[in-house]
Amino acid sequence: MCTGKLKVLDDREIRRLAEELQQSDRFAVAIDGRCTAGKTTLAGRLAELTGADVLQMDDFFLRPEQRTAERYAEPGGNVDRERVYEVLKAWKEEGAGSFRRFDCGVLELGEEKGISGQRIIVEGSYSMHPVLREFYDLTIFLTVSPEGQMRRIAKRDPEKVQAFREKWIPLEERYFEAMNIQDVCMRVYTTE
């Protein structure tokens, strides 16, 4: 359950989180939240401070044969959570795992990537899907105002503003609401 009120995520809070994580030799953290809220940045900073491996949900987009109307109708159905589950299961049971990253340029699985550390951070929207929650020691939700989100999207990739507004943001919001993501995360931060 979410503990406490919404906090602002700043460098001091990131360092505090890293110190907390350093207390454990082995951990798994999920960083979920709205697009452009800073999930990748937070994961990178925590990895730098703790020595954790980072697993990005963007590497688990659906392959073309998985992209069905039924799958897209499921809240959170637009990522290959089954592959993520298998990677996390292998990491938990064997201390290592590997997977092939999804290459958006050619719409197929590409290079293989391994994870072998005792510390892992899974970052990206859909990382807190109910089938994945059992693996995490700490769960974080990052949010940003709708206005801030649109400013960041326009700055990052102006040509994709409409796609985010009409497709990606509604898919995320449906998942957040249906799966109660913000309420089940242990920490909730705003990046504005």
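Here are the numbers for the structure shown:
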{"read-out": "Near pairs, Cβ below 9 angstrom, 6+ apart or cross-chain, from the range 150-164 (assigned to a helix (DSSP H, G or I)) to any residue that is hydroxyl-bearing (S, T, Y)", "value": "M150/T36; R151/T36; R152/T36; I153/T36; K155/T36; R156/T36; F164/T36"}
{"read-out": "Any hit, the range 169-192, residues being among the polar types (S, T, N, Q), surrounded by 19 or more Cβ atoms within 10 Å (Cβ to Cβ) and touching a residue at least 12 places away in the same chain (Cβ under 8 Å)", "value": "yes"}
{"read-out": "Filter result for the condition that a residue is out of contact with any helix residue (DSSP H, G or I) (no Cβ under 6 Å at 6 or more places or on another chain), in a helix (DSSP H, G or I), among the basic types (K, R) and closer than 24 Å to F164 by Cα, over R15, R71", "value": "R71"}
{"read-out": "Residue satisfying all of: in the range 56-73; surrounded by 14 or more Cβ atoms within 10 Å (Cβ to Cβ) and among the aliphatic types (A, V, I, L, M); nearest to G44 (Cα to Cα) among these", "value": "M57"}
{"read-out": "Lone unmet requirement of (1) over 19 Å from R174 (Cα atoms); (2) at pLDDT 95 or above for K5", "value": "(2)"}
{"read-out": "Selection within the range 18-41 - without any contact (Cβ under 8 Å) to a residue 40 or more places away in the chain and under 16 Å from T191 (Cα atoms)", "value": "T41"}
{"read-out": "Single residue of the range 24-50 satisfying the filter (part of a helix (DSSP H, G or I) and within 10 Å of the chain's Cα centre (by Cα)) that is surrounded by the fewest Cβ atoms within 10 Å (Cβ to Cβ)", "value": "T40"}
{"read-out": "Residue that is nearest to T139 (Cα to Cα) [pool: residues in the range 152-180 that are among the aliphatic types (A, V, I, L, M) and in contact with a Gly (Cβ under 8 Å, 6 or more places away or on another chain)]", "value": "M179"}
{"read-out": "One residue from K113, K160 being farther than 27 Å from L88 by Cβ and either of a type in the set (K, R) or touching a His at 6+ places or on another chain (Cβ under 9 Å) (or both)", "value": "K160"}
{"read-out": "Qualifying residues in the range 74-105 (those that are of a type in the set (G, A, S) and surrounded by fewer than 19 Cβ atoms within 10 Å (Cβ to Cβ)) - the one nearest to W168 (Cα to Cα)", "value": "G105"}
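Condition check ((1) outside any strand (DSSP E or B); (2) more than 17 Å from V29 (Cβ to Cβ)) across all residues:
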site: K89; (1), (2): yes, no
site: K92; (1), (2): yes, no
site: E111; (1), (2): no, yes
site: V122; (1), (2): no, no
site: E134; (1), (2): yes, no
site: E147; (1), (2): yes, yes
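The values are calculated or read from the model by the stated rules, or taken from the named source; none is laboratory data. In this text the structure is predicted, and so the values were computed from the model without any measurement. Ideal geometry is used to build each Cβ from the backbone, glycine not excepted, and the neighbour counts take in all protein chains shown.
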